[in-house]
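Computed from the coordinates by the stated procedures, all read-outs in this text should not be read as laboratory data. All values reported here derive from a predicted model rather than from experimental measurement. We place every Cβ from the backbone using ideal geometry, glycine too, and count neighbours over all the protein chains shown.
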Amino acid sequence: MFGSLKDIPSLTSSIFSAYTSLTAATMLLTMTSHFIPQPIRDHLSIAFRSFIKPRSNILTLVIEESTGITCNQLYSAAETYLSTKVSLSNERLKVSKIPKEKKLTIRLEKDEKLVDSFNGVSFNWRFSSCSESSSSSSDQINPNNNADIFIKSEKRFYELSFQKKHKQMALECYLPFILDKANEMRDEERVLKMHTLNTCSGFNWIRWDSINLQHPSTFETLAMDSKLKKEIMEDLNRFVKRKDFYKRVGRAWKRGYLLYGPPGTGKSSLIAAMANYLKFDIFDLQLGNVERDSDLRRVLLATANRSILVIEDIDCTVDLPDRFDNHGDGRKLLSKRNGDGRSKQSELQLTLSGLLNFIDGLWSSCGDERIIIFTTNHKERLDPALLRPGRMDKHIHMSYCSYEGFKVLASNYLEVSSDHHLFGEIEGLIEDTQITPAQVAEELMKDEDVEATLEGFVKLLKRKKIEGDVSENDTTTDNNNNKNNAEEGKKSKRRKVNCKQTRATGITKRNGAAGTQRRTRSFGR
């Protein structure tokens, strides 16, 4: 078994030598482990275990919710696709029901697994999430504080596991199939969404949350001049059909609208009508929830294609006056509250230039087929940089209700045609009266009786006309009084000037005469 007896001493010597070497190495490692830092020891331990661990034939792909500053389309597609693949083997699921939605929404709960089959190959899915804490120097927020703060962030992801030999099928066939299937499902169940920002104070993220857009406004029900409605619809149709044109001329495929006019003239209703007409989701951006330009870029990049981005009352939100305190060095500071209730301030980094850069700068090309809408009650207060073509391509004046707009509202609310005997009187009154569509709609909702409602509306128009005439007369009287006062003031000034000139002349004459007398007397002496 060992060859010959002569080999036994040499074999024993070899074993003893190996044992001695191993013991010496173990003792050396034990002694030197006290001098090796713990992270390095952990790294060496992991490397050693991975070296002796048998190789697995399973490959796992991690699909995170976001990739840097943009959303991961594959994550949302997987979420939509897997909602139809749940089975009785699942033990925990998230179930929700949105108003006016026919089906239940089903999602995997954390750490829940699911097996899907594609072309005879099994693909194992697992949903997971984790919270991470990252240390960040607080002097980025408050330059006078050098302490470190910990910012939490939540990371959600799917794990897709399969045998390594099916890697090519998974990447080239299975995942593209999920993307296409999810798009199909969304198109079939197309429900417009209204998105709003959701911020979490305990976590370092801002993301869009959504509800179904249930606003019933359409161009048919919109109280607006028919020519203007037709012009807007043609502009929208031309925009969505010109993808190749925008690419050829080197412009981002987007369109900017500015809606301006008095409150209650239908700006929000027009936005809803545009969304329903194009089947575009709405992203309602409240700039008051965004503190830095980097946050603004992140939330804007998270908006989907074929969407409408709305920033309402832009004249009130761009400068964020209620969130600023003027500092001695000219910086603008944001007031916050500590846990003990004391106020602290941090430098605010949200700027108008950051917004303009996304609307018309290099960042504007990050997305296709987008419409950006600003609304304001006071166009004259806006920075001229917001108004130029390329940012706000089309300016739409939302004015007071016209007779044509009234007929649309009367048809909507009262289901009455324009041949009613009171319509002629209303036409003569409404053109000379400043009344908003919102006020008209409120008046038409007061009574279910058509005759009583229209008579009440006529009385309202007459009262407003009288008030308007009185106001004009008061204004005319005030102007006349101002003119008279101005003329009287001018006359008074002229009288004062003449008096001063007269007194000055008299004084000069008296001074001249006295001087003459003094000179005469001196000559006499």
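Going through the cross-link list 110/155; 279/379; 85/181; 227/394, which pairs have a Cα-Cα distance over 19 Å in this structure?
Violating the 19 Å limit, Cα to Cα: 279/379.
Could you order peptides 253-264, 176-187 by the average number of other Cβ atoms within 10 Å of their residues, highest first?
Descending packing order for the listed peptides: 253-264, 176-187.
What residues qualify as long-range amide H neighbours of residue 98, i.e. H under 5 Å apart, gap of 5 or more or another chain, H built at 1.01 Å from N?
105
Taking the simple approach of a point 7 Å from Cα along Cα-to-Cβ for both residue 177 and residue 237, what is their distance in nm?
Inter-label distance under the simple model: 4.1 nm.
Go through the range 377-391 residue by residue and turn each phi into a ³J(HN,Hα) via Karplus (6.51, -1.76, 1.60, θ = phi - 60°); whole Hz please, and just put x for glycine and proline.
For the range 377-391, the Karplus-derived couplings read 8, 9, 4, 5, 8, 6, 5, x, 5, 7, 9, 6, x, x, 9 Hz, x marking Gly and Pro.
Return the sequence-ordered ³J(HN,Hα) values of the range 291-305 in whole Hz as given by the Karplus equation 6.51 cos²θ - 1.76 cosθ + 1.60 applied to θ = phi - 60°, using x for Gly and Pro.
My calculation for the range 291-305 gives 9, 10, 4, 5, 5, 4, 4, 5, 6, 6, 5, 7, 6, 7, 5 Hz in order.
So what's the net charge close to residue 401: Lys and Arg +1, Asp and Glu -1, counting the other residues with Cβ under 11 Å from its Cβ?
Local charge sum for residue 401: -3.
What does the highest-first list of 368-379, 238-249, 215-226 look like by mean Cβ count within 10 Å?
368-379, 215-226, 238-249
Mind listing the long-range amide H neighbours of residue 309? Cut-off is under 5 Å, sequence gap 5 or more, other chains count too, H placed in the peptide plane at 1.01 Å from N.
Excluding prolines and chain starts, which carry no amide H, the hits are 283, 371, 372, 373.
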